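Remarks on the structure that follows.
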Amino acid sequence: MYILYLDDSGSPINPNEEYFVLGGVCVPEQSVRWLSYEIEKLAERLVPRNSSGVEFHASEIFGGRENPWNTMHAPADRIAVIKNVLLTLQAAYADIVTFACAVHKASYLGQDPVHVAFEDISSRFNLFLERAGSTTRGLIVLDKTVHETSLQKLAIDFRRTGNTWGRQLRNICEVPLFVDSKATRLIQLADHVAYAVFRRYNAGDLNYFNCIENRFDSDPTTGTIHGLSHLHANRHTCTCPACLSRRS
Ligand SMILES: [Zn+2]
């Protein structure tokens, strides 16, 4: 079984932000403990006596207002923490991959960007599972704060009727599981993946995205990046890696 941990970045309604992003990391169940421990080791290095009190949340680390981030006065040190969380993926086996969907909100007026992103990601995750084998199962785990009620209902509807592309998500188990990010290091990693993609599309900041660009689920023969999608009205002329890889 594969578990897809997801978190969001950007607000669905804030008019000062162009994008809403849902993103995260897909991990085979036998690698969950290993990857969690890699992030735990970062926490132990930062706060040796109270690593369990360290929650990695990229926008809070960048902001530097809460403990322990307010003890790191140089912004470069806090940026390095965010990158180090993302770089834990460098030592991972190839079957640990990232997924993200960046929704350009103005291109989807009248639609809920959370629903648009969730539908897109769950269908891509299902295709990943189908490629891994017809009996391969997947479970989606979301941070509790990601619009729980609307996503719960949406997930139940998906199971009953298939998504709006008419495709049944047969390989994905039940409804998504909602967990507290404090208790789950891999939700904290998902938060960083979503943040990296949000910064890339919303601000043109490649600092974090460059740490994970090669980790998105992709087809090695065609080069198509299945794991990353950029939902924008101009995606047919866009030159970002996700849009370019689908045109070539
Ligand atoms: Zn694009």
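Just so you know, all these numbers are worked out from the coordinates, no wet-lab data involved. What you are looking at is a predicted structure, and each value in this text was computed from that prediction instead of being measured. Methodologically, a virtual Cβ is constructed for each residue, glycine included, from the backbone with ideal geometry; neighbour enumeration extends over all protein chains shown.
Brief remarks follow.
- Label reach from ARG45 (point 7 Å along Cα→C-beta): in region 78-94, amide nitrogens under 18 Å belong to 78-93.
- Tilt relative to the chain, helix 75-87 - C-alpha long axis, 0 to 90 degrees, to 10: 50
- Spin-label model distance (nm) - GLU17 vs GLU213, 7 Å beyond Cα toward Cβ: 2.3
- Taking Cα atoms only, the orientation of helix 32-46 departs from the longest principal axis of the chain by about 30 degrees.
- Gyration tensor verdict on region 1-136 (Cα atoms; rounded if a/c is under 1.5, prolate if a/b is larger than b/c, oblate otherwise): oblate
- Relative contact order (%) - criterion: Cα under 8 Å, at least six apart; region: the chain: 29
- Shape category assigned to region 15-77 from the gyration tensor of Cα positions, a/c cut at 1.5: oblate
- In terms of the mean number of neighbouring beta-carbon atoms within 10 Å, the peptides 15-27, 220-232, 60-72, 83-95 order highest first as 15-27, 220-232, 83-95, 60-72.
- Its Cα gyration tensor gives the chain an equivalent ellipsoid; the semi-axes, largest first and in whole Å, are 27, 21, 18.
- Exceeding the 21 Å Cα-Cα cut-off - candidates LYS41/LYS144; LYS41/LYS182; LYS105/LYS182; LYS144/LYS182: LYS41/LYS144; LYS105/LYS182
- For ASP205, the residues whose modelled amide H falls within less than 5 Å of its own, excluding neighbours fewer than 5 places apart on the same chain, are ARG200.
- Computed over region 175-248: relative contact order in percent, which uses C-alpha pairs under 8 Å that are six or more apart: 16
- Paramagnetic label zone (point 7 Å from Cα along Cα-to-C-beta, THR224; backbone N under 15 Å) in region 116-144: 123-132
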